[in-house]
1. Before we move on, is Ala269 touching a residue at least 40 places away in the same chain (Cβ under 8 Å) and not β-branched (Val, Ile, Thr)?
2. Would it be correct to say that Gln154 is farther than 27 Å from Pro38 by Cα, among the polar types (S, T, N, Q) and modelled with pLDDT of 95 or more?
3. Which condition from (1) of a type outside the set (A, V, I, L, M, F, W, C); (2) on the phi < 0 side of the Ramachandran plot; (3) surrounded by fewer than 16 Cβ atoms within 10 Å (Cβ to Cβ); (4) at pLDDT 95 or above is the one that Asp25 breaks?
4. Tell me, yes or no, whether region 112-124 has at least one residue that is part of a strand (DSSP E or B) and crowded, with 24+ Cβ neighbours inside 10 Å.
5. Cβ-Cβ under 6 Å, sequence separation 6+ or interchain: first residue in region 213-228 and free of Cβ contacts under 8 Å to residues at least 60 places away in the same chain, partner acidic (Asp, Glu) and surrounded by 22 or more Cβ atoms within 10 Å (Cβ to Cβ). Which pairs?
6. Just to check your reading of the model, which residue among Gly201, Gly255 is at pLDDT 95 or above and under 17 Å from Asp74 (Cα atoms)?
7. If I filter region 51-66 for residues that are buried (at least 23 other Cβ atoms within 10 Å of the Cβ), of a type in the set (Gly, Ala, Ser) and either within 16 Å of Ser120 (Cβ to Cβ) or at pLDDT 95 or above (or both), do I get at least one hit?
8. Please determine, by comparing only the residues of region 201-249 that are among the small types (Gly, Ala, Ser) and part of a strand (DSSP E or B), which one is surrounded by the fewest Cβ atoms within 10 Å (Cβ to Cβ).
Amino acid sequence: MTARTAVICAVAALIGGCGGSPAPDRSGPFVLSGSDAPATVWAIGDAGHIGERERTVAKLIGDARPDRLLYLGDVYETGTAEEFEVYDQLYGRLASVTAPTPGNHEWPSHAEGYGPYWASKKGQTPPSQYSFRLAGWEIIGLNSQLFGDAEDEQASWLRRKVAAPGTCRLAFWHEPRYSAGTKEGAGDEPTVEPLWSAVEGRVALVVNAHDHNMQRMKPRDGVVQLISGSGGHNSPYPVDASDERLAFADDEHDGALRIRLSPGRAQLAFVATGGEVLDSSTVSCNEGG
């Protein structure tokens with residue numbers, strides 16, 4: 001065990017052991033399921049810091065009154081309790097409909113910030129992986145910051161979760177397996193291959209952040225991957241527009257991903273803070289047996 005791993009495990013032990021898998025909570029679902037009626041989901045990451053740009057993105061999403069918000073991780077700079085109070089000023093009014101996942105910035109101190117904050121909002125310790133149903137889709141929240149046994153357990157749980165026929169599933173986590181980002185620390189992330197391997201051919205959509213930009217990748221093994229890290233924190237990270245894997249990319253605007261779900265169908269749009277739709281597309285899925 002490295003010194004870094006030892007430190008992280010010591011912190012993680014406070015709420016559930018090395019790797020941060022908390023003890024099961026029996027108080028009910030972490031995120032409530034909805035009916036099969038059409039629903040609108042917004043997704044954004046890398047937004048958890050107070051600034052004019054972050055406020056503008058939060059206003060865009062809040063004013064839209066989403067049925068669910070996927071918060072894709074990163075509350076800056078290290079996800080302390082005080083920094084989650086700042087996050088709360090931006091997105092707290094949407095807490096009841098938010099499905100969060102941790103980012104690399106807040107995970108090392110999740111016992112202080114991420115865990116207690118979401119426990120206070122949801123009435124239970126946030127699980128590392130969970131799912132809920134909405135508009136005929138299964139939405140699966142995963143933690144890209146796990147390692148060791150916790151990572152293996154999550155991958156096994158995920159394989160079981162997606163084993164049934166059909167692809168009307170959306171999986172989300174923080175760090176993207178594939179990205180055309182060129183900034184140091186961005187780009188492809190091989191460490192999340194266990195998550196990608198589990199979902200390829202089994203889900204229609206994967207949604208990530210981490211890269212501070214917007215990307216829609218061409219389908220890979222039946223999966224459309226999207227990156228929505230344009231929450232306003234720091235300047236947008238550059239994207240290699242010549243990357244042949246891209247169907248769309250934007251590294252100039254702040255904004256968020258809007259997903260309109262209905263049984264068998266998802267309408268996708270990257271929306272800039274001024275309301276302009278920068279990219280739109282539709283993905284169909286197989287509803288299975």
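The values are calculated or read from the model by the stated rules, or taken from the named source; none is laboratory data. Computed from a predicted structure; not experimentally measured. Every residue, glycine among them, receives a Cβ derived from its backbone with ideal geometry; neighbour counts consider all protein chains shown.
1. Values: touching a residue at least 40 places away in the same chain (Cβ under 8 Å): no; not β-branched (Val, Ile, Thr): yes.
No.
2. Values: farther than 27 Å from Pro38 by Cα: yes; among the polar types (S, T, N, Q): yes; modelled with pLDDT of 95 or more: yes.
Yes.
3. (4)
4. Applying the first criterion (part of a strand (DSSP E or B)) to region 112-124 yields none.
No, because not a single residue in region 112-124 is part of a strand (DSSP E or B) and crowded, with 24+ Cβ neighbours inside 10 Å.
5. Ile227/Asp211
6. Working: Gly201 fails: under 17 Å from Asp74 (Cα atoms).
Going through Gly201, Gly255 in turn, the sole match is Gly255.
7. Initially, region 51-66 is screened for residues buried (at least 23 other Cβ atoms within 10 Å of the Cβ), giving 54, 57-58, 61.
So of that shortlist, the ones also of a type in the set (Gly, Ala, Ser) come out as 58.
Retained after the next criterion (residues that are either within 16 Å of Ser120 (Cβ to Cβ) or at pLDDT 95 or above (or both)): 58.
Among the residues of region 51-66, at least one is buried (at least 23 other Cβ atoms within 10 Å of the Cβ), of a type in the set (Gly, Ala, Ser) and either within 16 Å of Ser120 (Cβ to Cβ) or at pLDDT 95 or above (or both), which makes the answer yes.
8. Looking at the filtered set, the residue picked out is Ala247.
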